[in-house]
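*Asks:* Quick one: structure below, then a few questions.
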Amino acid sequence: MLEIRNLHASVNGNEILSGVDLTVRAGEIHAIMGPNGSGKSTLAQVLAGRDAYEITEGEVLYEGKNLLEMDPEERAREGVFLAFQYPVEIPGVSNSYFLKSALNAIRKHRGLEDLDAIEFLQLVKQRLKLVDMDESFLQRPVNEGFSGGEKKRNEIFHMAVLEPKLAILDETDSGLDIDALRIVADGVNKLHRKDNAIVIVTHYQRLLNYIVPDFVHVLVDGRIMKSGSKELALQLEEKGYDWIKAEAEKSLTPA
Amino acid sequence: MDQGGSRKIFDACVRKEVGMSHQQKTNVWYQSSFELFEKSLNGEATTPLHAIRRGALERFHALGFPTTKNEEWRFTNVAPIAKAAFTPTFGLPGHIPSAKEIERFSFGTPHRLVFVNGHFAKDLSTVGKLSAGVALTNLATAFKQHRDLVDAHFSKYAPFDENPFVALNTAFAQDGAFIYVPEGCQVDDAISLVFVAVGSEPFYIPPRNLIVLEERAQLQIVESFVTTTNASYFTNVVSEISLGRDAVLEHDKLQHESLQAFHIAAIHVRQKERSNFTSNSIALGGSLVRNNVTTVLGAEWCEATLNGLSVGTGTQLIDNHTTIDHAKPNCASHELYKAILDGKSRGVFNGKIFVRTDAQKTDAKQTNMTLLLSDDATIDTKPQLEIFADDVKCTHGATVGQLDENQVFYLRSRGIDEKLAADILTFAFASDVVNRVHVPALREQLEFLVHAKLNEGRKS
């Protein structure tokens, strides 16, 4: 589904991603972990199409198409979804209006009719339950006045309505208390199917107790230094990230 | 009545006095127009009211049109108004719009006064059932039928000694709306005042409104300025408002004049104890627009809320000047003015807040926010707080910016294209003010017009 090859990206001439390789197939859950500043969020933003980053090398194929050539909205319509680390507040735009505009844009792209007001309401009411949010969130302005936890839940709610093929969750666990974490994780698990894939970007292992990844990758200094199974996440929790770096440096040092 | 006549006089004067300055020409022009006006008054030119008009004309001659050297007009050059010869009219034009043409400005209310080029159009107006004692009529009628009220309130709140446009309006004050709500009376439906400009000539249109609410009276008014022409006419309107104790007034204004028109407006309010005044001023039309909203919180526990939205496109200039005079203690004022400027349009905001020595415990908040949609659009914004009391809370803030990139990206990353994202965000910025209007039909109309205006701006 997603194939990242030797991806290099920089901001103002500073290289942040220095050759990322990653393959994600339908049905899989991948976790990308790494210390602060390792490039995790940059990778997530680059995949969603943020133009603040310059791609200097490499390619990204999404369902065989060149993802980097697509506008952010085109990516979304093709099924890519980014749950933001810092969901953006949009005063004056209701959650419901925003989602309806997004959903209908995506449906149009897929050759489907717009949902009418009643169909839309039925859908969103059902999806709200998935993240244990009440209906009042529909009429509230997008993320405005939401608590940190509510914002993160709202992101997963959007994901539940838009039904992406590839969902990238950027630090969705940060700012969540343990109950909210469980609700969000349950929601994501229910949305996970054989024909979609989830990439979880996180600093901590705790979310992975609830959403169990098939693969764990460690991103350090803009490159994936180590990949493994879910046990790798536990190792990282225990030992931190330094040993990965040390191990990588050792392997790079000529004998 | 006879536009051709006044034009001939003007031409004759100009021919005779080739070396006249603009100021002199202007004075001759409005003097000769005034003489025609007096003739049209048929003997009423001897009333005390007319003495006020004469005084106002004299003052206008002395002041002249302001230049940008005048601090009050620093950013707004009214030379295009000063140089043109606008033609006063002394009665309804021969052709007035059909009821259908102005239907959408009824805003679902049974009370609607329509003025065509400033003159009361009885046939287009409707007045529904009103409580005893409420007067809703045109000012020309009130001059005759409510003389005591007119004498007590007319020209008492809108001083013309410093403002030449108020002086010029007062000199030609002839018609407009007259609303009187007696003690304890709550008018349920909003009153719609529709000012329609018609015809292709450069008319001078000086509506004058007088609105008096006695103790505990409550009212909503919608003033709309609309047009069926794209001519370059000149609206110079003054509304005087007196609010008795505990009176509550929402004054909504929709300014949707021709894009060639000049629109100068002044709203002057005098508030008594615990009265509550809200002004929602939406400016969409006009080539050169200046709105003055002035309220004097002349007694304790008054509240004033001034909201404004300007949407400028092309080369429009929209200038909003507000003055809140906290003269007594324990009053509160809230102010939110927003502007969306596209093309080469210009905006001006000047927010004066006086807090007099007496006015302890004043709570005043002022916010001005501008969204610039193009590189060529500009805004001049100036808070002007003059505080002479020491135990007060006054805040002000101004922001100027483009659409927020993070917001645009957030919308796009969910599948919404760039243009729609910009539309949604721009409209959201505007709707913050539109939603403060409490007349539902007006709010709907405003949503429609603001959308249309923003789209028109994008095309040009």
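*Asks:* Got a number for residues in the range B:372-400 being outside any strand (DSSP E or B) and within 14 Å of chain A (Cβ to nearest Cβ)?
*Replies:* 0
*Asks:* Further, regarding this structure: Can you pull out every residue in the range B:312-328 that is outside any loop (DSSP other than H, G, I, E, B) and within 28 Å of residue B:451 (Cα to Cα)?
*Replies:* Once the filter is applied, which keeps residues that are outside any loop (DSSP other than H, G, I, E, B) and within 28 Å of residue B:451 (Cα to Cα), the range B:312-328 yields B:312, B:317, B:318, B:319, B:320, B:321, B:322.
*Asks:* Here's another thing I want to ask about it. What is the residue count in the range A:23-64 for residues that are more than 19 Å from residue B:414 (Cα to Cα) and of a type outside the set (Ser, Thr, Tyr)?
*Replies:* 24
*Asks:* When the range A:58-84 is examined, which residues are found to be of a type in the set (Gly, Ala, Ser) and either free of Cβ contacts under 8 Å to residues at least 40 places away in the same chain or within 11 Å of chain B (Cβ to nearest Cβ) (or both)?
*Replies:* A:64, A:76, A:79, A:83
*Asks:* Return the only residue of B:74, B:54 being out of contact with any strand residue (DSSP E or B) (no Cβ under 6 Å at 6 or more places or on another chain) and either open to solvent by less than 60 Å² (accessible area, probe 1.4 Å) or farther than 26 Å from residue B:260 by Cα (or both). Let's see the steps before the verdict.
*Replies:* Numbers: B:74 fails: either open to solvent by less than 60 Å² (accessible area, probe 1.4 Å) or farther than 26 Å from residue B:260 by Cα (or both).
Being out of contact with any strand residue (DSSP E or B) (no Cβ under 6 Å at 6 or more places or on another chain) and either open to solvent by less than 60 Å² (accessible area, probe 1.4 Å) or farther than 26 Å from residue B:260 by Cα (or both) holds for just one of B:74, B:54, which is B:54.
*Asks:* Touching a helix residue (DSSP H, G or I) at 6+ places or on another chain (Cβ under 7 Å) and either assigned to a strand (DSSP E or B) or over 30 Å from residue A:209 (Cβ atoms) (or both) - does that describe any residue in the range A:20-27?
*Replies:* Checking the range A:20-27: at least one residue is touching a helix residue (DSSP H, G or I) at 6+ places or on another chain (Cβ under 7 Å) and either assigned to a strand (DSSP E or B) or over 30 Å from residue A:209 (Cβ atoms) (or both).
*Asks:* Okay, next question. Does the range B:423-439 hold any residues that are more than 9 Å from chain A (Cβ to nearest Cβ), assigned to a helix (DSSP H, G or I) and open to solvent by 20 Å² or more (accessible area, probe 1.4 Å), and which are they? Outline the logic, then answer.
*Replies:* The first filter runs over the range B:423-439 and keeps only residues more than 9 Å from chain A (Cβ to nearest Cβ), leaving B:423, B:426, B:433-434, B:436-439.
Of the ones still in play, those that are also assigned to a helix (DSSP H, G or I) are B:423, B:426, B:433-434.
Listed by number, the list holds a single entry, B:423.
*Asks:* Out of all the residues in the range B:148-181, which are in contact with a strand residue (DSSP E or B) (Cβ under 7 Å, 6 or more places away or on another chain) and among the small types (Gly, Ala, Ser)?
*Replies:* B:158, B:173, B:176, B:177
*Asks:* Taking strands (runs of 3 or more DSSP E) that do not extend beyond the range B:134-199, which have at least 2 residues that are farther than 30 Å from residue B:82 by Cβ and either of a type in the set (Ser, Thr, Tyr) or open to solvent by 10 Å² or more (accessible area, probe 1.4 Å) (or both)? Quick ask: steps written out before the conclusion?
*Replies:* Values: elements: B:135-138, B:177-181, B:191-197.
Counting at least 2 such residues, we get B:135-138.
*Asks:* While we're here: If you go through the range A:125-144 one residue at a time, how many are away from chain B (no Cβ under 14 Å), open to solvent by 60 Å² or more (accessible area, probe 1.4 Å) and not polar (S, T, N, Q)?
*Replies:* 5
*Asks:* A further question follows. Name the residues in the range B:53-91 that are closer than 12 Å to residue B:29 by Cβ and among the basic types (Lys, Arg), would you?
*Replies:* B:83, the sole residue that qualifies.
*Asks:* Something else: Looking for whichever is at pLDDT below 95 and either open to solvent by less than 10 Å² (accessible area, probe 1.4 Å) or part of a loop (DSSP other than H, G, I, E, B) (or both) here; the options are B:403, B:309. Which one fits?
*Replies:* None of the other options fit; the residue is B:403.
*Asks:* What are the residues in the range B:354-386 that are touching a residue at least 12 places away in the same chain (Cβ under 8 Å) and over 27 Å from the mean Cα position of the chain (by Cα), if any?
*Replies:* Result: B:357, B:358, B:359, B:360, B:361.
*Asks:* So residue B:22 fits all but one of (1) touching a residue at least 24 places away in the same chain (Cβ under 8 Å); (2) over 23 Å from residue B:145 (Cβ atoms); (3) over 25 Å from the mean Cα position of the chain (by Cα); (4) surrounded by 15 or more Cβ atoms within 10 Å (Cβ to Cβ); what number is the exception?
*Replies:* Checking residue B:22 against (1) touching a residue at least 24 places away in the same chain (Cβ under 8 Å); (2) over 23 Å from residue B:145 (Cβ atoms); (3) over 25 Å from the mean Cα position of the chain (by Cα); (4) surrounded by 15 or more Cβ atoms within 10 Å (Cβ to Cβ), the one that fails is (4).
*Asks:* While we're on this one: Between residues in the range A:18-37 that are over 16 Å from residue A:4 (Cβ atoms) and residues that are open to solvent by 40 Å² or more (accessible area, probe 1.4 Å) and not in a loop (DSSP other than H, G, I, E, B), which pairs lie under 8 Å by C-beta distance while being six or more apart or on different chains?
*Replies:* A:29/A:215
*Asks:* Given the options B:198, B:212, B:134, name the one that is touching a residue at least 40 places away in the same chain (Cβ under 8 Å), in contact with a helix residue (DSSP H, G or I) (Cβ under 7 Å, 6 or more places away or on another chain) and not charged (D, E, K, R).
*Replies:* Numbers: B:198 fails: in contact with a helix residue (DSSP H, G or I) (Cβ under 7 Å, 6 or more places away or on another chain); B:134 fails: in contact with a helix residue (DSSP H, G or I) (Cβ under 7 Å, 6 or more places away or on another chain).
None of the other options fit; the residue is B:212.
*Asks:* Here are A:15, A:57: which of them is out of contact with any strand residue (DSSP E or B) (no Cβ under 6 Å at 6 or more places or on another chain) and in a strand (DSSP E or B)?
*Replies:* A:15
*Asks:* Residues A:39, A:79: which one is closer than 27 Å to residue A:117 by Cα, buried (at least 20 other Cβ atoms within 10 Å of the Cβ) and of a type outside the set (Ser, Thr, Tyr)? First the steps, then the outcome.
*Replies:* On the way: A:39 fails: closer than 27 Å to residue A:117 by Cα.
Only one candidate qualifies: A:79.
*Asks:* Moving on. Residues of the range B:251-273 being free of Cβ contacts under 8 Å to residues at least 60 places away in the same chain, closer than 18 Å to residue B:319 by Cβ and in contact with a Gly (Cβ under 8 Å, 6 or more places away or on another chain), which ones?
*Replies:* B:255, B:259, B:263
*Asks:* Next up: Residue by residue through the range A:85-94, note down the ones that are touching a helix residue (DSSP H, G or I) at 6+ places or on another chain (Cβ under 6 Å) and within 8 Å of another protein chain (Cβ to nearest Cβ).
*Replies:* Hits for the range A:85-94 are A:87, A:88, A:90, A:92, A:93.
*Asks:* Mind listing whichever residues of the range A:98-124 are surrounded by 16 or more Cβ atoms within 10 Å (Cβ to Cβ), touching a residue at least 24 places away in the same chain (Cβ under 8 Å) and within 23 Å of residue B:408 (Cβ to Cβ)?
*Replies:* A:98, A:99, A:102, A:103, A:105, A:106
*Asks:* Something else: Among the residues of the range B:78-121, count how many are farther than 19 Å from residue B:252 by Cα and touching a residue at least 12 places away in the same chain (Cβ under 8 Å).
*Replies:* Residues flagged as farther than 19 Å from residue B:252 by Cα and touching a residue at least 12 places away in the same chain (Cβ under 8 Å) within the range B:78-121 amount to 26.
The values are calculated or read from the model by the stated rules, or taken from the named source; none is laboratory data. No experiment lies behind these values; they were computed from the predicted model shown. Here the Cβ is made from the backbone with ideal geometry for all residues, glycine too, and neighbour counts use every protein chain on show. Ligands, DNA and RNA are excluded from the accessible area calculation, which covers all protein heavy atoms including side chains. Shrake-Rupley method; radii C 1.70, N 1.55, O 1.52, S 1.80 Å.
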